[in-house]
1. Take the residues in the range 110-159 that are basic (Lys, Arg) and within 42 Å of the chain's Cα centre (by Cα); name whichever of them is modelled with the highest pLDDT.
2. Could you tell me how many of the residues in the range 365-382 are among the basic types (Lys, Arg) and loosely packed, with under 14 Cβ neighbours inside 10 Å?
3. May I ask you to verify whether Glu317 is out of contact with any helix residue (DSSP H, G or I) (no Cβ under 8 Å at 6 or more places or on another chain), at pLDDT 80 or above and more than 30 Å from Arg211 (Cβ to Cβ)?
4. Evaluate the following for Ala230: is it buried (at least 16 other Cβ atoms within 10 Å of the Cβ), at pLDDT 80 or above and farther than 30 Å from Ala331 by Cβ?
5. Which condition does Ala93 not pass, out of (1) hydrophobic (A, V, I, L, M, F, W, C); (2) surrounded by fewer than 14 Cβ atoms within 10 Å (Cβ to Cβ); (3) modelled with pLDDT of 90 or more, if it passes all the others?
6. Specify the residue that is surrounded by the fewest Cβ atoms within 10 Å (Cβ to Cβ); the eligible residues are those in the range 387-406 that are more than 15 Å from Leu277 (Cβ to Cβ) and at pLDDT 85 or above.
7. Select from the range 312-325 the residues that are farther than 12 Å from Val346 by Cα and in contact with a Gly (Cβ under 9 Å, 6 or more places away or on another chain) and write down the one among them that is surrounded by the most Cβ atoms within 10 Å (Cβ to Cβ).
Amino acid sequence: MSSPSLAVDRFGDPPPGARQLARGITATWWYTLTAIVFLELFLVLIWALRVFVVPGDVVAPLVVGAGGLVWWLSTILLLVSYRRGADGEPVAAWVRIVPFVLAVAFGVSSGVVADSWLLAVMPVAQSLVLLHWPRGVRRRIVLFVTFLLLVLAFVDGMRGTVDGGVPEWLPSLYAVTIPAMSVSSLWWWDVLVTLDRARASESRLAVTQERLRLATDVHDLQGHHLQVIALQLELAERLMERDPDAGLVQLRAARASVDEARQGTRDLATRFRSVPLGDEVANARDLLSAAGIRVEADIAQDAGEAPASALGPVIRETTTNVLRHGGGARARLSLRRDAGGWRYEVSNDVDPRTERVAVGSGLDGVRRRIAEAGGTIVVRDEGEDFTVIVTVPAGEIATGRGEVGR
């Protein structure tokens with residue numbers, strides 16, 4: 001079963017953690033399967049030991065032991081069928097029929113050789129509760145088979161099959177309680193499946209809402225501009241014969257409206273394609289590490305609240321700058337809250353044997369962007385270390401001009 005993550009990105013794709021969630025729910029299923037299989041195997045073992053201690057009887061241990069192993073293997077088919085039923089996958093009828101036939105054969109043969117009504121019914125009861133019943137029905141079935149097995153255990157005791165000693169009663173007690181123990185494990189698995197489906201539904205809902213919001217924004221943006229352009233062109237057409245100059249003014253206004261619509265569309269696309277700042281810094285760290293640079297990263301827990309439109313290009317450009325011009329062995333990235341805003345700092349050592357290259361136009365573009373956002377940028381070239389420090393206001397859009405230092 002695949003497990004969608006609780007959150008999705010703006011395009012509906014699950015984040016990297018979704019694969020970990022899918023592996024987690026699969027691992028939990030294997031824990032559940034292993035627990036039930038171990039319970040059944042232990043049950044077969046203690047009943048085989050119980051009949052083995054009877055002197056002179058070699059058939060009973062063989063029937064209970066070998067037949068119990070066959071029945072134990074057949075219940076794995078029921079557990080696989082249970083898993084597929086939870087996933088909504090079709091299950092062949094023989095996957096359920098064969099285990100029940102083996103359970104009846106094992107129960108009758110072992111019950112006869114062990115002279116135990118409890119052992120005769122227990123395999124069928126256990127196989128019955130492993131089916132994928134509706135929740136209310138399964139609870140009633142478990143209560144019924146547990147009560148039936150409890151009655152049969154007392155019947156065996158009254159018949160003298162089981163004496164009053166504690167060791168003799170342990171296999172019977174285990175046979176009575178194993179259906180309830182198995183169902184409790186499956187109940188925990190059902191809870192996990194329900195939670196996983198809730199995560200999937202929430203993910204799909206988030207994707208739908210985000211697409212609806214995008215469609216609404218595009219409709220509002222383009223609809224407004226197209227209506228204005230249509231009116232301006234209609235007015236220009238009417239004015240062209242009587243007042244060509246006024247008509248030309250309207251044509252120019254329509255062209256300006258086209259430019260505004262185009263810029264608005266770009267801004268909208270940029271907003272939906274923006275990457276959270278925490279992911280930007282993490283990507284920069286991974287990129288530098290892949291280049292053989294030892295990276296130390298200090299990322300605030302709430303880094304996702306930082307202004308992505310201002311700091312995102314800064315992080316990408318400074319990372320490129322380290323790769324192109326650094327040539328060193330270490331780098332440090334920091335994104336923390338500052339007084340009234342955010343502070344991003346990247347520092348790297350410079351190999352003295354590397355020819356120094358003048359910083360290109362990339363940082364000049366960063367300066368302009370940060371200045372428009374009302375922030376500051378400081379570039380420090382101290383010989384063996386190169387540092388870029390950027391501070392921006394907390395808001396996504398800031399007014400005012402920032403100070404640019406060097």
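The values are calculated or read from the model by the stated rules, or taken from the named source; none is laboratory data. Just so it is clear, the structure is predicted and the values come from calculations on it, not from any experiment. Here Cβ is always computed from backbone atoms with ideal geometry, including for glycine, and neighbour counts include all displayed protein chains.
1. In this case the residue turns out to be Arg140.
2. Selection size over the range 365-382: 2.
3. no
4. no
5. Of everything listed in (1) hydrophobic (A, V, I, L, M, F, W, C); (2) surrounded by fewer than 14 Cβ atoms within 10 Å (Cβ to Cβ); (3) modelled with pLDDT of 90 or more, Ala93 misses just condition (3).
6. Once the filter is applied, the top-ranked residue is Thr387.
7. Residue satisfying both the conditions and the ranking: His325.
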